[in-house]
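The values are calculated or read from the model by the stated rules, or taken from the named source; none is laboratory data. Note that the structure is a prediction, hence the values are computed from the model and not measured. Reconstructed Cβ throughout: ideal geometry from the backbone, glycine too, with neighbour counts over all protein chains shown.
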Amino acid sequence: MPFDYRRFNGPEDSVSYKRFSEDFLRTYDELYKDLLDENGKRKDGRALNEARSLCTSISRTNIVSQAKGSAYVELNKTKVICSVFDPREITGHQNEYSWFGQIYCEVKFAPFSCPRKRRQLVPDSDEKALSADLKKALETVVRRDKFPNFQMDIFVYILEHDGGCLSAAINAAGLALADAVVPMYDIVSASSVAIINDQIIIDPTEAEEHLALMYTDKEKNHGLVTMCFMHHLKQFTDFRQIGSVDAECVLKVMDILEKECDKLMLVIKKIMVSNVVRQHNEHKVLLEEAKFREEVLQSKVEEWRKLLNAG
Amino acid sequence: MAGLLLSRTEKVYIVNGIEEDFRSDGRSNYDYRPIELETNVVSHASGSARLRLANTDILVGIKTEVDIPKPETPGLGKIEFFVDCSANATPEFEGRGGEQLANRISNILQRAYHASQAFNLKQLCIFEGKQCWKLYVDILILECGGNLCDAVSLAVKAALFTTRIPFVKAALMDGGDVDLQLSDDPFDSKPLVVGTAPLLVTLCKIGNKFVVDPSAEEEFCSIVSVVIGVSGNPAHYTTEKIENVESKFTTIGMSGVGGLVPDTLKSAISQGIVAAKCLDSALGRSLLRERQDICSYKKDSYGFLK
Amino acid sequence: MSDVYKVIHPNKYFNDYISLNVRPDGRKFDEQRSIKLNANAISNADASALIKCGNTTVVCGITLELATPKAEEPDHGFLVTNVELLPLCSSKFKPGPPSDYAQVISNTVNDIIKNSKCIDLKDLCIVSDKLAWVLYCDMVCLDNDGSIIDACITTLITSLKSLSLPAVSFDVETEEVKVDISNKTLLKVTGLPVATSFAIYQSPESNIVLTDPTTFEEEMCGGIGANLIVCWNQGLLCGVQKYGGGNIPTESQKNLLQVAKKRSKLVEEVIETCLS
């Protein structure tokens, strides 16, 4: 890896201490045994078909004061923050005039977000792939014809990764776009499942995702599927699958994900509404507080207005 | 391909034709264009193949190197894909123009080959936790004539089929180092087992129908396409009698701007898996024939690079 | 109307407020914003803390790694601090490698921490010349609304204080390393540096010192960040940095140090309550 002169670097040979602990090299079979307890529940107490709830009290929009629109999404341990900025003109003479607005997406992991290793500060191929997926999911939803030759920047930062990163990123970006009042065709929601040994696990954690993609000699279905869905138009905007899954299972998963996304949609709507209400109330309080100051300032503003009118 | 100029009437012609199951070059919606394939074209590579699908031209070379396995997977080898879009292919690839496309293709390949049921990385292990083979798959796109993903995956599988890995004797030395001994005989090597390696099939949605193997003009008319990776059937890649292995999806992805109704996507992937199975058996047959030809008599030198 | 006024005449808008002895957000000149601190917010990190000073939000996460010490300092561990100003925290930052400003911030934070000697690097060494801890401390700014260095230092100290190192056994013969995660000891942190930022506004009459400035105030005072950073370490002055802006009026010098001292006391208390 090239040396990064702009940052402080640690020693080259440093390795995570977790590599020397006992559970680092656990085999597939060992991990599989631990996947479910005797009641058929997962480690965090959920049933196989139970998604983590997108907590309406914690997940919110308008979290970054400097951005046009922003959102924070939390699914138990997975924490994702997203902000959207005002469109800016696409410059550079080599670019042709584009009749559609462009979307630029960047997904980044925090260095401390992953449980297995430290993420590097320079973007790696995982992050680039996630950015491309996010772009694919959002390009379809945003009314790009409304801002020709302008580019909109969408930044997603994953503070903590515990599975379902892409779906959390899409949900956060959808909320942030709505918060930034960007015209969209529909609200997007995304959801993911893991398939481990023919069992379909909804909204997997990082450990479950790891197991689903682990190297195994088993012939059964293993894999991860993430889907992004537009609720009212009943369309997929993105569909990603990796692993090895047979056709029957893929079709089954599609139906399940569609239902999950529908459920999620209600929650997302609720978050949006509650945020509008909250922002409205906050605004009122702020106005009340500022009243005195505003009044004093008003005389100055009046002066300025007179000046303006006088030309 | 933005370098392509199509008038409105031409687009309407293509879209309406596809609606009638009749494409501008006379194919039906399920037909591939003729494919030319040649293996072992680069003598310095461990395995290589050149594939021409109508105007799409791909050269794949495979390099093997000894590497240290990843600490989390001590018993597995490594495989990496590099796609290079030659500036000859289309003028847009000049400078950094092809980078995005190259990244996309190598990403899809990496995902498709990731699954254990698609490509067995255990065969690349030399000494567990210490040494393994690393395959560098270098893909050179010489000309773009539509349907790059499918062509690339076919060429990669063909090149992997011809790749031979030297037999290595490994012994653990004092202090944890590994001593590797290579035989002098270049034929003292084993071929890779690639029967299950995945093939990619792009399904392009044009109008209301999906077509396989879109030409560059057809790609221009479509707004959304589905790329699926389907693992192969090893029975097609050997002369011995072995059991058929059911094909599975190793990757599914969407590209382009546009959404799909669930039922459409379902029919698309079912159409894709049929196409992938046909391609797989055809590729297997021709690769076996070529291998036999080489064994039975010295191959006449002909073709592109020889 | 005042919103429009702010956009069109930001300088005049700001000056009008200052001349009325009040700041645009209603604070007095030497008043700071409220602090919210949350330790161990991120469970995947070995230690972490989140701070909110008004709108400014910074998360610090520490990841532990093992490495061989440098040959010239065989019994020293490593403390690597980086500040990331993400493109998402403000439209001023673009994706890609860190800008000059980000490097300045990163350097300042690193200097303050190194100079305060709150971590003895010798504590991080496990076996001399063979094995030592590397503490990667990444401070990530999620929302940049001024006085970012104050927030960074506070999160960093909070997370260092909550960090515990797992027990490591090193076999000298075979060089085998074993880590026991269940057995952890707290890292020793001596001292508690607290930085306080000031912006100095050159009004026509006199120079006015603003405590804990927001981004808008920082911009109005010239320069890209705070103009003055005063650092106190448990009742001792441990550093003063001045970056551009106006001159400091003599009469406010003493007062300014007192404000910073008072704030450092307060932040100390906040950290104590947060960790207890």
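Determine which single condition A:H222 fails, assuming it passes every other condition in (1) at the interface with chain B (Cβ under 10 Å from one of its Cβ atoms); (2) under 19 Å from A:T237 (Cα atoms).
That leaves (2) as the condition not met.
Looking at region C:62-79, is at least one residue touching a residue at least 12 places away in the same chain (Cβ under 8 Å), of a type in the set (S, T, Y), in contact with a helix residue (DSSP H, G or I) (Cβ under 8 Å, 6 or more places away or on another chain) and surrounded by 15 or more Cβ atoms within 10 Å (Cβ to Cβ)?
No, region C:62-79 has no match at all.
Only one residue in C:Y13, C:Y101, C:Y5 is modelled with pLDDT under 90, surrounded by 21 or more Cβ atoms within 10 Å (Cβ to Cβ) and either facing chain A (nearest Cβ under 10 Å) or within 25 Å of C:C231 (Cβ to Cβ) (or both), so which one is that?
C:Y13
Identify, from the list C:V134, C:V177, the residue that is at the interface with another protein chain (Cβ under 9 Å from one of its Cβ atoms), closer than 18 Å to A:A110 by Cα and touching a Phe, Trp or Tyr at 6+ places or on another chain (Cβ under 6 Å).
Only one candidate qualifies: C:V134.
Checking C:G191 against (1) free of Cβ contacts under 8 Å to residues at least 60 places away in the same chain; (2) on the phi > 0 side of the Ramachandran plot, only one condition comes out false. Which one?
(1)
Just checking, does region A:191-210 include any residue being buried (at least 23 other Cβ atoms within 10 Å of the Cβ), in contact (Cβ under 8 Å) with a residue 12 or more places away in the chain, under 19 Å from B:H114 (Cβ atoms) and hydroxyl-bearing (S, T, Y)?
yes
Just wondering, is there one or more residues in region B:82-101 that are over 26 Å from A:K218 (Cβ atoms), within 12 Å of another protein chain (Cβ to nearest Cβ), crowded, with 17+ Cβ neighbours inside 10 Å and not polar (S, T, N, Q)?
yes
Are any residues in region C:25-45 over 21 Å from A:V80 (Cβ atoms) and facing chain A (nearest Cβ under 8 Å), and if so, which ones?
C:G26
Would you confirm whether any residue within region A:143-155 is crowded, with 24+ Cβ neighbours inside 10 Å and more than 9 Å from chain B (Cβ to nearest Cβ)?
Checked region A:143-155: at least one residue is crowded, with 24+ Cβ neighbours inside 10 Å and more than 9 Å from chain B (Cβ to nearest Cβ).
What pairs come up if the first residue lies in region B:233-252 and is more than 8 Å from every other protein chain (Cβ to nearest Cβ), the second is among the aromatic types (F, W, Y) and buried (at least 20 other Cβ atoms within 10 Å of the Cβ), and their beta carbons are under 8 Å apart, counting only those six or more places apart or on different chains?
So the pair list comes out as B:Y237/B:F161.
Scan region A:266-311 for residues that are more than 10 Å from chain C (Cβ to nearest Cβ) and either among the charged types (D, E, K, R) or in contact with a Phe, Trp or Tyr (Cβ under 7 Å, 6 or more places away or on another chain) (or both) and jot them down.
Residues satisfying the conditions are A:K269, A:K270, A:R278, A:E282, A:K284, A:E288, A:K291, A:E295, A:K306.
Given the condition more than 30 Å from C:L124 (Cβ to Cβ), part of a strand (DSSP E or B) and touching a helix residue (DSSP H, G or I) at 6+ places or on another chain (Cβ under 8 Å), answer yes or no: does some residue in region C:184-198 qualify?
Scanning region C:184-198 turns up at least one residue that is more than 30 Å from C:L124 (Cβ to Cβ), part of a strand (DSSP E or B) and touching a helix residue (DSSP H, G or I) at 6+ places or on another chain (Cβ under 8 Å).
Residues to consider are A:Y72, A:Y28, A:Y5; find the one that is modelled with pLDDT of 85 or more and of a type outside the set (S, T, N, Q).
None of the others qualify; the one that does is A:Y72.
Being within 14 Å of another protein chain (Cβ to nearest Cβ) and over 15 Å from the mean Cα position of the chain (by Cα): is that true of C:A199 here?
No: the conditions fail for C:A199.
Output the number of residues of region C:32-47 satisfying the condition of being charged (D, E, K, R) and closer than 21 Å to C:T273 by Cβ.
The qualifying residues number 2.
Out of C:C152, C:C141, C:C137, I need the residue that is assigned to a helix (DSSP H, G or I) and of a type outside the set (V, I, T). Which one?
Within the list C:C152, C:C141, C:C137, the selection yields C:C152.
Got a number for residues in region C:75-91 being at the interface with chain A (Cβ under 7 Å from one of its Cβ atoms) and assigned to a loop (DSSP other than H, G, I, E, B)?
So the count comes out to 3.
Can you name the residue in region A:54-83 that is of a type in the set (A, V, I, L, M, F, W, C), more than 9 Å from every other protein chain (Cβ to nearest Cβ) and not in a loop (DSSP other than H, G, I, E, B) and, of all such residues, is surrounded by the fewest Cβ atoms within 10 Å (Cβ to Cβ)?
Taking the candidates together, the pick is A:L75.
Applying the selection to region C:48-74, what residues are out of contact with any Cys (no Cβ under 9 Å at 6 or more places or on another chain), within 8 Å of chain A (Cβ to nearest Cβ) and hydrophobic (A, V, I, L, M, F, W, C)?
Correct list: C:L64, C:L66, C:A67.
Just one of the numbered conditions (1) of a type outside the set (F, W, Y); (2) in a loop (DSSP other than H, G, I, E, B); (3) surrounded by fewer than 20 Cβ atoms within 10 Å (Cβ to Cβ); (4) modelled with pLDDT of 85 or more is not true of B:A118; which one?
Going through the list (1) of a type outside the set (F, W, Y); (2) in a loop (DSSP other than H, G, I, E, B); (3) surrounded by fewer than 20 Cβ atoms within 10 Å (Cβ to Cβ); (4) modelled with pLDDT of 85 or more, B:A118 breaks only (3).
Residues to consider are C:G245, C:G239, C:G223; find the one that is modelled with pLDDT under 90, in contact with a strand residue (DSSP E or B) (Cβ under 8 Å, 6 or more places away or on another chain) and not in a strand (DSSP E or B).
Going through C:G245, C:G239, C:G223 in turn, the sole match is C:G245.
Count, please, the residues in region A:86-142 that happen to be among the small types (G, A, S), away from chain C (no Cβ under 11 Å) and within 27 Å of B:I108 (Cα to Cα).
So the count comes out to 5.
Give the residues of region A:99-114 that are surrounded by fewer than 18 Cβ atoms within 10 Å (Cβ to Cβ) and either without any contact (Cβ under 8 Å) to a residue 40 or more places away in the chain or out of contact with any strand residue (DSSP E or B) (no Cβ under 9 Å at 6 or more places or on another chain) (or both), sorted by residue number.
Hits for region A:99-114 are A:W99, A:F100.
Out of region A:32-48, which residues are surrounded by fewer than 14 Cβ atoms within 10 Å (Cβ to Cβ) and either in a loop (DSSP other than H, G, I, E, B) or under 16 Å from the mean Cα position of the chain (by Cα) (or both)?
The answer is A:D37, A:E38, A:N39, A:G40, A:K41, A:K43, A:D44, A:G45, A:A47.
Which residues, counting only those in region B:253-268, are touching a residue at least 60 places away in the same chain (Cβ under 8 Å) and either facing chain A (nearest Cβ under 7 Å) or in contact with a helix residue (DSSP H, G or I) (Cβ under 8 Å, 6 or more places away or on another chain) (or both)?
Selection gives B:G253, B:S255.
So the check is Cβ under 6 Å with 6+ separation or different chains; which pairs have a first residue in region C:263-276 that's closer than 16 Å to C:A195 by Cβ and a second one that's outside any helix (DSSP H, G or I) and aromatic (F, W, Y)?
C:S264/C:W232
Any residue in region A:1-29 that is more than 7 Å from every other protein chain (Cβ to nearest Cβ) sitting within a Cβ distance under 7 Å of a residue that is loosely packed, with under 10 Cβ neighbours inside 10 Å and acidic (D, E)? List the pairs, counting only those 6 or more apart or interchain.
none
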